[in-house]
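Below: the structure, in structure tokens.
The values are calculated or read from the model by the stated rules, or taken from the named source; none is laboratory data. What you are looking at is a predicted structure, and each value in this text was computed from that prediction instead of being measured. Reconstructed Cβ throughout: ideal geometry from the backbone, glycine too, with neighbour counts over all protein chains shown.
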Amino acid sequence: MSDDTTFYKLQYDKTVDKDIDEWLNSFPRSRKAEAVRHALRYYIAASKISKEPFKMITDTQRSQQQSQTDKIRPNIPNATVETDTPKKKPKLNMSSFLNSNE
């Protein structure tokens, strides 16, 4: 490892962030850091192309959304409450993007 190597501890909740937990655990331990770095670079490149600003979702916002959903459900028996799901970003071919920037 070089002298510039930095370690960052990533904290997440296995229940709330189940998708992240499953994704991280799909990699061998020795490849998790590489996968996270690749995912971050992918997100940065996609954000630059779409010019969409980064929006931080805090735990406070999550709990507020959950409490609003919980308040709605008891008032509507036997009804399905649709939650706002974020729109999926289009998949990018990162190899062609990275090769064109070199």
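Taken over segment 1-43, the criterion of being in a helix (DSSP H, G or I), farther than 18 Å from Ile57 by Cβ and among the aromatic types (Phe, Trp, Tyr) is satisfied by Tyr42 alone. Close contacts from segment 32-45, counting a first residue that is free of Cβ contacts under 8 Å to residues at least 12 places away in the same chain and under 17 Å from Glu22 (Cβ atoms) and a second that is assigned to a helix (DSSP H, G or I) and not polar (S, T, N, Q), with Cβ to Cβ under 6 Å and a gap of 6+ residues or different chains, come to Lys32/Leu24. A single member of Asn78, Asn93 is at pLDDT below 60, among the polar types (S, T, N, Q) and out of contact with any helix residue (DSSP H, G or I) (no Cβ under 6 Å at 6 or more places or on another chain), and it is Asn78.
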